[in-house]
Structure formats: C-alpha cells, structure tokens
Protein chains: 2
Amino acid sequence: MAKPLRGVLVVGQSGGPTPVINASLAGVIAEAKRHKCFTGIYGLIHGIEGALKEELRDLESETAAELDLLAHTPASALGSCRYKLEEDEYELILDVFRTHDVRHFIYIGGNDSMDTCHRIAELAAISGYKIQVIGVPKTIDNDLAYTDHCPGYGSAARFLALATRDTGRDLESMATFDDVIILEAMGRNTGWLTAAAALGKVQTTPAAFPEDEAPHIVYVPEIPFDEERFLDNIAHIHARLGRVFVVVSEGIRDKAGQFIGQHKVADSGRDAFGHLVHSLTTGVAAYLTDIVREELTLQARFLRPGLIGRAMSSCVSETDRQEAMQVGVGAVTLLANGQSGGMVTLERLSDDPYRCRLSVAPLADVANAEKLMPREFVNDDGNMITQSFIEYALPLVDGPFPLLARLKGEQIPRRTNLQN
Amino acid sequence: MAKPLRGVLVVGQSGGPTPVINASLAGVIAEAKRHKCFTGIYGLIHGIEGALKEELRDLESETAAELDLLAHTPASALGSCRYKLEEDEYELILDVFRTHDVRHFIYIGGNDSMDTCHRIAELAAISGYKIQVIGVPKTIDNDLAYTDHCPGYGSAARFLALATRDTGRDLESMATFDDVIILEAMGRNTGWLTAAAALGKVQTTPAAFPEDEAPHIVYVPEIPFDEERFLDNIAHIHARLGRVFVVVSEGIRDKAGQFIGQHKVADSGRDAFGHLVHSLTTGVAAYLTDIVREELTLQARFLRPGLIGRAMSSCVSETDRQEAMQVGVGAVTLLANGQSGGMVTLERLSDDPYRCRLSVAPLADVANAEKLMPREFVNDDGNMITQSFIEYALPLVDGPFPLLARLKGEQIPRRTNLQN
C-alpha cells in the first residue's frame, strides 16, 4: 500500500451509456469524499472532450441522497463521447490536468476508453508528470478482457431477456395471424447481449430451458451466418410450432466476413474509431424479415429497440447496479492506496451462490483487447445458447425471472360435427 | 335488475394483446365463479376462431393464486386472433354455442371485436337463440368511443413514455456524437400512444413540462405531416440544443392522405379487415432517418420497439392493471344482472384526484366507431402535446414518474489558454 499523490481527482464517462454507468460515478464520488488525498473531485463534461476543452464540473457538493438518485438514473450524467484523441491532443490534456493539479484520473468506459486511459498514463510518465490513472469497466457489449463481465451488461441483457420473453408470449397469442418475429440486438462484434435474450426461457432453475419458449433461434456474430440455413431453421420451427421468434445480433456476418444485409444498405457511417456504425442503417433484422416474407411467404415483423435497450432504467439488474457502484468505489480505493495503471475487474468466485470479488488488471493488457464469446456458450448448430452460458449469465440479470402464468384447464370435448 | 339466463359463460380475447388483457380475463373468471347462473366457464382458444373450430378450454379450475399470476402475465393467455367472420360463419358459431348451452358471451377486444360481439347478439336475436353478450374494452390504441380510455393503453403508454425519457437521456449524454433519434410508435390511425411518449417530460406536477427534455417533437396521424416542416423543426431544435428526439406514429400521412415513406416500401401486407399493416414494412422512422441524414447531414438513428411496447410487463401501469381487472369483473356483473348488448366503459369523475367509475355503452354504438385525439390535445404547430392531454393521460400511466438525477455542481472556471 503506497502513499497516494495529493491533488484533484477527475472522473469521466466514455462511450455508449448504460443504465448503471451513473452508479459507478456515484460510487466514485461517494468514496472519494472519504479520502483526504483528493483536494477536489471534478467531472469531465463529455468525457475526454471535456479535458480537451477544459470543461470540468465540481462533483463534491452532491449529497448522499443525490448520489443515491444518481445511481438510479440512466445514461451518462456527466455527458459521454466517442472521440479518438489525435497524438498532439494528449499533450493538451496533460496541460489541463497540470493547470488544475489533477493527480488522479478515473475513466469509466470500454475498450477504446481503456486505451485512452493507458496512453494518458504512459505519456504522463514520459513527460515526468505524476498522476495516478485507473479504469472502470463499463459496456453493455460485455467484451472487455480480464474481467468476468462488465457492469452495464447485466441490465441491458435483462431488458432484452424480458422483452424477448414477453414479446414471445405476444407472438404465441397471435400465432394464427403472425408467424415470425425478428428482434435485432445491439453488439457489433460479440454476441454476449444477443445470447442473453434467451435467458427469459429459463424457468425456476437453469436446467429448465423449454425449447418451445421464445426465442427459438439466436444468432451471434461469432458464428458465420448462412442465409440458406437460416431459412431452413425458420421453416422447420414454423412447421412444428406455427411461430418462430428469432434474435439476431446487428453484426452477424457471412463466411467471408461480409455484414448480412449490408449490400441493401446505403450510406452507412463509421464512428471515430473506424468501426462501421451498423445501427445507423436499416439494419439486418429488416433485411432478414424481407427474406422470410419473400422466400417463405410467412408474416414477419422486425423489432429494433436499439438504444432503448441500453437506457431503460425500469429493467435494471440490481446485481448489475450494485457491482457498477462497487467498481466505482474500488477504483477510488486503488487510488487512495497509491496504485495506478490498472482497470478494476470482477473476478467470479462461484456461480451458485453467485459471488464475485473486485480485482485489477493492467491497463496495457486490457486496452483494445476484445473478449469474444467462448464457442462452448453456443450450441453445435450455432443457433442457441448452452447450459454453460446460462450458468454464466443468469445471475447477472437477476434470473431466473418470476414465472408467467399458463392456463391449466383441459380442452372441452367437441360435440359438434364441424364442417370446416 | 333482470334475471340472468342460466348456462355456460364463454370468454374470448381478440386483436393485439396488451400487458394487462389477462387481468381482464382474470377478473372475468374470478367474478364468474361467484355466480350460480354460470353452469360453466369456458375460454375461446384464439378468440372467435376457437368458436368456429369448437376449441374451448375449461377455466373454472384456476385458483385465486393462479388468477393473480395471470393478471401479471402479458399477452393473451387464451390466444387471440385477427379474424373477420364471413356472413355464414356467424351461424356456425351459434351452433357451437347451442351445443354447449352457452348463454353468456364476453369478448375482450377493440373496435372490430365489438362489431363481432354486436353481430353475434343481433343474429342470436333473429334466430331466437337466447344469449347475453357483453364487450370488454381492450386496446393500446385507446381509440374506442364511449369510454374515457381503454385498458391496455396506460401500460403501453407507460412503456413508451419511460423508454423515451430514458433514451432521451442517452441522446443527451452522447450529444457530441449523435444528433437525432426518431422513435416509431404504434398506432395506425390515432395518436393517443404516440402522444403519450411525451408524458416522461413531466416533472413532479403536470404543469412542469420542460421544453428541453425528450421528446422535442411528437407527430400524430391526426395532423397531416409535411416533410419540409419536419426538416425545419429538426434543424431549429438541433441548432438550439445540439440534439433532437422525435416520436412519430407509424401511421402519419401527408395532406393527400398518403402514408409517409410508403413509396419506399415494397410488398406491404393488409390484415383481414383490409387495414394496411404498416408495421410489417421498414416503417416511417427508417424513412425519416434517411431524410434527416441526407438533407441535414446529421447523425440520425431510428428506434422501433414495435410489439415490445404492447408486451412489456415490467412497465405496466398499476392503474391500468386494476382497471383492466375491474372491467372484466364489471362485465360479469352485468351478465349476472341479466343485461346484454353493451360494452363496459370507464367514465372519468375527476382528474385530480384521478377517479373513474364503470358504466356501459350500447355495442351498436361502439362497434367500428373510432375515437381520434381531440385537436386541443395537440399544440397549434401540430408537433407537441398540450396541458389538457397531460391532465387526461398522466394518471393513466401512473405519472408523474419519479425524478431522475441531474448533477448540480458548478462548472470549474477555466485557467488554461486553450488553443482550440
């Protein structure tokens, strides 16, 4: 336990918001107020852009009640950004930090943000400016390496699982009219979120996973997508059940790595990191819905909740909210113990009962590493999750969910001689 | 109070489900078990299709605990349908009813279902078959006449209002990257649901309705849509705020009555009633998003939760659930009092405190009548709701919602001589 630097703590939020990223911020503020080494607690307005523009906000005056409300407020209260720093801009940031005697920096974000974090730490070291830097994981994509999972994932996953379960019941009700629903889930490169849509199938225990409950098919980007097989899957399930609920990642690709439906999409944008912003387009679900209608002549609809899934505070996983707060508190504890250059991680101790503890991984290792879903989390056919994924993900969404009703009464025997 | 017929009660669910239509069913079953005039309680499997096919289910064995669970289960537990009866099929239904000694019929549904209900009553009278018929209102569209509002509306409206509020915060967080979000709401002909998206703007009292909170624009189908004015609206708000959150009904039309974006949409279907199933297509939000990107070169995304909005049980309005149950109970009470030929209605006694009582309207009047939004519920510019709509709709969604946090700390004074 080294002696911490004495100076201002600056905290920023980066990348796509989550329903619990403010819980991390609340954890940072609450814990920082307890330590004397922090001569001020400032927030970056719109993440690293706030550092560049010297737009900082005082956070010390937030009361305990206000922090509790903050922990229950969706999106990034400080403002967030998707800004990739130019080489010469890192120097500007260090200038701003020097001017305000910033000696502690916490960045709450995903892959790209951990890279930013890491490079600030490196550059400060080179230029001889003393500063402690800690990253706090946040992403609904759940794709950060070295941590069991990422705060934000559990809540976005919970919304998606509940939406799929409930809309699956809607489809079942309307099965004499509707045939196919295709729900598009966020997650460009990894299928963690898409896969979680199937967690609403689980009844009372992880092993009770009825085939006929929605969703019936799940396609993640880790498995190459084949249109023929897709249509086969739909046709088979429809023949058996009279309905098919499909959840598909926005980022599914064919064997050649080409995004599905891409050729039907004009004018798609790229974000500042050069990633294709697939969700700005009409999207893959709309495309697949067209195919199903044309090739199978079935009634098909697509659902595209998009950002609602990462914002909806009514469906937050309490486990996720608690952990989001804990990683915020943990980051400040590391700083107060004189540490720097790490990202707080969650280390799983057991699935049942679910237990995690905080740990830390070097920013250098985390930066830009992307954690794909292990192959064993998807079945051999590549269209449904496995028990090992359920055991991994169910506690993160506060599952299994309370049961829904099914009418149990017998069918009344027929007495009429029906002609049709 | 006339003497009721003695015989079997049959209940069916019709049209698009809601998150609380099963609460009406639970109310029907629970109340029917208390009356001796009902010699059996049967459910129609998939609505009137179940009558045609003689697919009936016994409902009497459901326990109080099971009925409570049912009242908390989304979608139509009996199965629903969108089936328009042919003239000769009414006779078949009466045959099935005769065979099972059905003397009471409750149909839970919208406009088309009340028409079905009414015609069964008429035909029975003509053919001398004694049966009591009562309709129970249900529609997220809120477009039934003679009732203050429709069970199902409050819950779908609550989901939409919460989703808009929370995703509005997401857009605000990301305003240095994203510019415009266009959320497509269900409701083909009437704007009740679309308008409700703005209820999340309300803070603590109906009069506190901040202009800058999402949504900034709301377009309902009752007001002709003009693309030029739309782009003007967006450009102005974006210039002022740096972000624009738009909610648009799936059914907006231009002055000539042409659906917006329709010409870009191929192969759109029609339902059994000849209505255009607009939501089967890519939809108007995708089209408007394209326009905004092309004409204003702004970053724009569309959200299309679609059926999620009428299924999501996590966001149910408790007021709505209670009323849904009450109209179910009320229908049975009418039957037990010997009445027939009416739809249960909700009659508002006061806005604050909110109070409604049950009443009844003739099926002949309700059938196929469609209640549009009154002009005074939309502002003069035709792009936002008014205080009178807020006073009408806020109690139905259990609003105002608990406040979200906003950071209150001051901005830290600049000390650096910034070059950019």
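The values are calculated or read from the model by the stated rules, or taken from the named source; none is laboratory data. Being a predicted model, the structure only gives us computed values, none of them experimental. Note that each Cβ is placed from the backbone with ideal geometry, even for glycine, and that neighbours are counted across all protein chains shown.
Brief remarks on what is shown
- Top-ranked residue of the stretch B:195-212 - restricted to ones that are among the charged types (D, E, K, R) and outside any helix (DSSP H, G or I), ranked as farthest from B:Phe389 (Cα to Cα): B:Asp212
- Only one entry of B:Thr204, B:Thr190 meets the criterion of being among the hydroxyl-bearing types (Ser, Thr, Tyr), farther than 17 Å from B:Pro305 by Cα and within 14 Å of chain A (Cβ to nearest Cβ), and that entry is B:Thr204.
- Scope the stretch B:1-33; condition more than 15 Å from B:Leu70 (Cα to Cα), part of a loop (DSSP other than H, G, I, E, B) and either touching a residue at least 40 places away in the same chain (Cβ under 8 Å) or among the aliphatic types (A, V, I, L, M) (or both); matching residues: B:Met1, B:Ala2, B:Lys3, B:Pro4, B:Leu5, B:Arg6, B:Ser14, B:Gly15, B:Gly16
- Scanning the stretch B:139-162 for residues that are surrounded by fewer than 24 Cβ atoms within 10 Å (Cβ to Cβ) and closer than 18 Å to B:Ser249 by Cβ turns up just one, B:Asp143.
- Selection from the stretch A:190-204 of residues that are surrounded by fewer than 18 Cβ atoms within 10 Å (Cβ to Cβ) and modelled with pLDDT of 95 or more: A:Gln203
- So A:Phe159, is it within 21 Å of A:Asp148 (Cβ to Cβ) and either without any contact (Cβ under 8 Å) to a residue 24 or more places away in the chain or within 11 Å of chain B (Cβ to nearest Cβ) (or both): yes
- Residue match in the stretch B:116-130 (condition: among the polar types (S, T, N, Q), under 20 Å from the mean Cα position of the chain (by Cα) and more than 12 Å from chain A (Cβ to nearest Cβ)): yes
- Filter result for the condition that a residue is under 24 Å from A:His149 (Cβ atoms) and of a type in the set (Lys, Arg), over A:Arg103, A:Arg82, A:Arg119: A:Arg82
- Residue list for the stretch A:50-83, restricted to those being within 21 Å of B:Asp179 (Cα to Cα), part of a loop (DSSP other than H, G, I, E, B) and not charged (D, E, K, R): A:Pro74, A:Ala75, A:Ser76, A:Ala77, A:Leu78, A:Gly79, A:Ser80, A:Cys81, A:Tyr83
- Those helices (runs of 4 or more DSSP H) of the stretch B:266-374 in which 1 or more residues are of a type in the set (S, T, N, Q) and modelled with pLDDT of 95 or more occupy B:318-336.
- Flag if B:Asn111 is modelled with pLDDT under 95 and either away from chain A (no Cβ under 14 Å) or more than 18 Å from B:Thr345 (Cα to Cα) (or both): yes
- Of all the residues in the stretch A:224-257, those that are outside any helix (DSSP H, G or I), surrounded by fewer than 22 Cβ atoms within 10 Å (Cβ to Cβ) and touching an Asp or Glu at 6+ places or on another chain (Cβ under 9 Å) number 5.
- Look at the stretch A:53-68: where a residue is without any contact (Cβ under 8 Å) to a residue 40 or more places away in the chain and a partner is of a type in the set (S, T, N, Q), sitting 6+ places away or on another chain with Cβ atoms under 7 Å, you get A:Glu55/B:Gln411; A:Arg57/B:Gln411.
- Some residue of the stretch B:399-419 being within 18 Å of the chain's Cα centre (by Cα), in contact (Cβ under 8 Å) with a residue 12 or more places away in the chain, over 30 Å from B:Phe105 (Cβ atoms) and within 14 Å of another protein chain (Cβ to nearest Cβ): yes
- For B:Phe389, the stated conditions do not hold, so it cannot be described as in contact with a helix residue (DSSP H, G or I) (Cβ under 7 Å, 6 or more places away or on another chain) and within 14 Å of chain A (Cβ to nearest Cβ).
- In the stretch B:84-98, the condition of being in contact (Cβ under 8 Å) with a residue 60 or more places away in the chain, part of a helix (DSSP H, G or I) and touching a Ser or Thr at 6+ places or on another chain (Cβ under 8 Å) is met by no residue.
- Selection of the stretch A:73-88 for residues being out of contact with any Pro (no Cβ under 8 Å at 6 or more places or on another chain) and either facing chain B (nearest Cβ under 9 Å) or of a type in the set (Val, Ile, Thr) (or both) yields A:Thr73, A:Ala77, A:Leu78, A:Gly79, A:Cys81, A:Arg82, A:Tyr83.
- Residues (among the charged types (D, E, K, R) and in a helix (DSSP H, G or I)) located in the stretch B:375-391: B:Arg375, B:Glu376, B:Glu391
- One residue stands out in the stretch A:176-189 among those that are outside any loop (DSSP other than H, G, I, E, B) and touching a Ser or Thr at 6+ places or on another chain (Cβ under 6 Å): the one that is surrounded by the most Cβ atoms within 10 Å (Cβ to Cβ), namely A:Ala185.
- Set side by side, the residues A:Ile120, A:Ile134, A:Ile108 differ, and just one is buried (at least 23 other Cβ atoms within 10 Å of the Cβ) and part of a helix (DSSP H, G or I), which is A:Ile120.
- Scanning the stretch B:23-53 for residues being touching a helix residue (DSSP H, G or I) at 6+ places or on another chain (Cβ under 8 Å) and of a type in the set (Val, Ile, Thr) gives a total of 4.
- Residues in the stretch B:164-214 that are β-branched (Val, Ile, Thr) and out of contact with any Cys (no Cβ under 6 Å at 6 or more places or on another chain): B:Thr164, B:Thr167, B:Val180, B:Ile181, B:Ile182, B:Thr190, B:Thr194, B:Val202, B:Thr204, B:Thr205.
- Looking only at the stretch A:335-360, and only at residues there that are hydrophobic (A, V, I, L, M, F, W, C) and surrounded by fewer than 24 Cβ atoms within 10 Å (Cβ to Cβ), the one that is farthest from A:Gly154 (Cα to Cα): A:Ala336
- Search result, residues across the stretch B:33-69 that are more than 8 Å from chain A (Cβ to nearest Cβ), over 21 Å from B:Val96 (Cα atoms) and not β-branched (Val, Ile, Thr): B:Lys33, B:Arg34, B:His35, B:Lys36, B:Ala64, B:Ala65, B:Leu67, B:Asp68
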